[in-house]
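The values are calculated or read from the model by the stated rules, or taken from the named source; none is laboratory data. Source: prediction; values computed, not measured. Neighbour counts run over all protein chains shown; Cβ positions are idealised from the backbone, glycine included.
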Amino acid sequence: MVSKCRVAVLSALCACCLVSSRAEDWGQWRGPNRSGRVPSDWPVPETLSGDLKVNWRMKIGEGLASPVISGGKVVYLDHQAGKEVVHAVTMETGSALWEAPLDDAFKDSQGPVGPRCTPVIDEDLVFAQSCKGELQCFSLRSGRKLWGVNYQKKFGSVFIGEKGQAQGASRHGYNGAPVVDGERLFAVVGGTNGAGIVCFNKETGKVLWKSQNETAAYAPPIMANFDEVKQVVAFTADSLLSVSADKGKLLWRVPLKTTLARHVTTPAILGDSVYVASHELGLVRVKITAKDGKFQAKQEWALKEAAFNFASPVALGDQLYGLGPKKNIVCVDPRGEVLWSKEGFFTTDAGKAWASFLVMQDNLLMLTDSGQLVLLGAGPWECHEISRTQVCGSNWCYPAYADGRLYLRDNRELICVTLMR
């Protein structure tokens with residue numbers, strides 16, 4: 001009898017471990033590895049219903065920070081009574097769990113009042129970064145603040161808003177979310193006194209190293225691995241660069257200078273190259289090579305026809321896909337050739353278009369700035385619309401996806417819809 005009980009207990013524990021290992025979390029900007037790619041073993045829709053099931057929706061304050069999900073919880077930021085505020089709610093029903101103030105709210109001419117930086121969840125830790133450069137760490141379970149640091153006070157970074165020729169984050173805020181790797185948290189702090197990029201112990205906030213004299217732009221850093229060397233890749237106000245994850249040593253740097261440093265796109269890695277873009281530069285390919293332990297980075301080309309502005313591109317197969325300057329979806333191959341360009345996906349005539357892209361196996365799921373979801377069949381030679389549906393209001397936010405559900409926000413609501421029936 002005792003033996004049978006032990007077997008039952010062990011079986012239950014194993015089942016719990018299996019459930020835990022299969023958990024689908026979207027704990028940071030653009031998903032598990034910041035690529036916008038849904039893992040290949042996750043279920044994805046083959047088409048979109050015209051009346052997607054809304055599991056729940058709730059009113060929230062203004063802001064442009066995307067929601068993230070982990071451990072059965074959704075974390076989002078919004079504007080409440082002059083403050084940027086961090087919230088946690090349940091994934092299942094949207095029921096409130098906790099909230100915590102982050103910083104005074106920031107307003108400019110580029111968007112609504114409130115937060116613009118997507119939070120990061122790593123196990124029981126939540127990292128939130130304000131427009132003005134306040135970084136705080138909270139417990140996901142309780143909402144208790146564990147540590148915090150202010151970039152201006154601690155590292156001498158500058159934030160002055162829309163004044164004169166202010167560039168990058170000093171103009172419109174710290175929009176690029178920090179990134180976690182193991183026990184370390186990497187943030188583009190923007191201190192020009194040797195604290196351009198800072199590595200923290202994620203548990204305590206202790207500074208492990210500081211590196212470079214780089215002003216922060218709006219793009220988040222990513223983790224990369226070239227020649228078996230783990231690297232932090234950052235698109236700053238003046239360059240695309242990489243430092244070693246262990247000590248912050250500069251590995252390679254390519255100067256990229258533009259007016260007001262409107263560098264927004266998340267670096268995308270395809271093969272041996274890193275791709276970034278801006279409205280002035282166009283799409284830029286930087287090829288990385290290594291010899292005798294030393295790295296070289298060379299700009300291969302810049303393609304104005306693919307001047308991805310605010311919307312970060314995604315890689316599918318051997319191509320990059322993104323939103324071009326004419327509200328067109330563009331497919332580019334590594335040689336710098338536009339394989340195709342297609343318009344007609346945006347129903348509004350207002351100014352510049354924005355969209356987020358999720359790679360779902362062989363298809364692309366696009367959320368437009370008018371709140372339409374569009375499922376696209378895309379490849380190197382063609383692009384066709386499979387289905388579309390209206391899912392929310394006007395937005396500039398990346399959705400989070402897990403277990404067949406999409407969690408997204410506009411400027412009024414946080415919404416959970418089922419894509420898989």
Only one of (1) in a loop (DSSP other than H, G, I, E, B); (2) farther than 19 Å from residue 399 by Cβ does not apply to residue 93, and that is (2)
Taking the stretch 210-236 on its own, how many of its residues are at negative phi and either acidic (Asp, Glu) or in contact with a Lys or Arg (Cβ under 6 Å, 6 or more places away or on another chain) (or both)? 2
Any residue that is assigned to a loop (DSSP other than H, G, I, E, B), at pLDDT below 95 and not hydrophobic (A, V, I, L, M, F, W, C) - is there at least one of those in the stretch 181-194? yes
Residue satisfying condition, being under 19 Å from the mean Cα position of the chain (by Cα), buried (at least 16 other Cβ atoms within 10 Å of the Cβ) and more than 30 Å from residue 80 (Cβ to Cβ), within set 316, 414, 375: 316
Checked against (1) under 25 Å from residue 395 (Cβ atoms); (2) at pLDDT 95 or above, residue 328 satisfies every condition except (2)
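Rundown of residues vs (1) in contact (Cβ under 8 Å) with a residue 60 or more places away in the chain; (2) at positive phi; (3) polar (S, T, N, Q), yes/no style:
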{"position": "241", "(1), (2), (3)": "no, no, no"}
{"position": "247", "(1), (2), (3)": "no, no, no"}
{"position": "260", "(1), (2), (3)": "yes, yes, no"}
{"position": "265", "(1), (2), (3)": "no, no, yes"}
{"position": "291", "(1), (2), (3)": "no, no, no"}
{"position": "294", "(1), (2), (3)": "no, no, no"}
{"position": "317", "(1), (2), (3)": "yes, yes, no"}
{"position": "328", "(1), (2), (3)": "no, no, yes"}
Is it fair to say residue 120 is touching a residue at least 60 places away in the same chain (Cβ under 8 Å), under 15 Å from the mean Cα position of the chain (by Cα) and buried (at least 21 other Cβ atoms within 10 Å of the Cβ)? yes
Subset tally (residues that are part of a loop (DSSP other than H, G, I, E, B) and either in contact (Cβ under 8 Å) with a residue 24 or more places away in the chain or more than 26 Å from residue 109 (Cα to Cα) (or both)) for the stretch 139-165: 12
Go through the stretch 66-90 and give me each residue that's part of a loop (DSSP other than H, G, I, E, B) and closer than 21 Å to residue 141 by Cα. 66, 67, 71, 72
Condition test on residue 135, is it over 17 Å from residue 186 (Cα atoms), modelled with pLDDT of 95 or more and either in contact with a strand residue (DSSP E or B) (Cβ under 7 Å, 6 or more places away or on another chain) or surrounded by fewer than 24 Cβ atoms within 10 Å (Cβ to Cβ) (or both)? no
Going by what's in this entry, would residue 157 be described as over 13 Å from residue 130 (Cβ atoms), among the hydroxyl-bearing types (Ser, Thr, Tyr), out of contact with any His (no Cβ under 9 Å at 6 or more places or on another chain) and at pLDDT 95 or above? no
Could you list all residues from the stretch 198-234 that are within 17 Å of residue 167 (Cα to Cα) and either without any contact (Cβ under 8 Å) to a residue 24 or more places away in the chain or assigned to a strand (DSSP E or B) (or both)? 213, 234
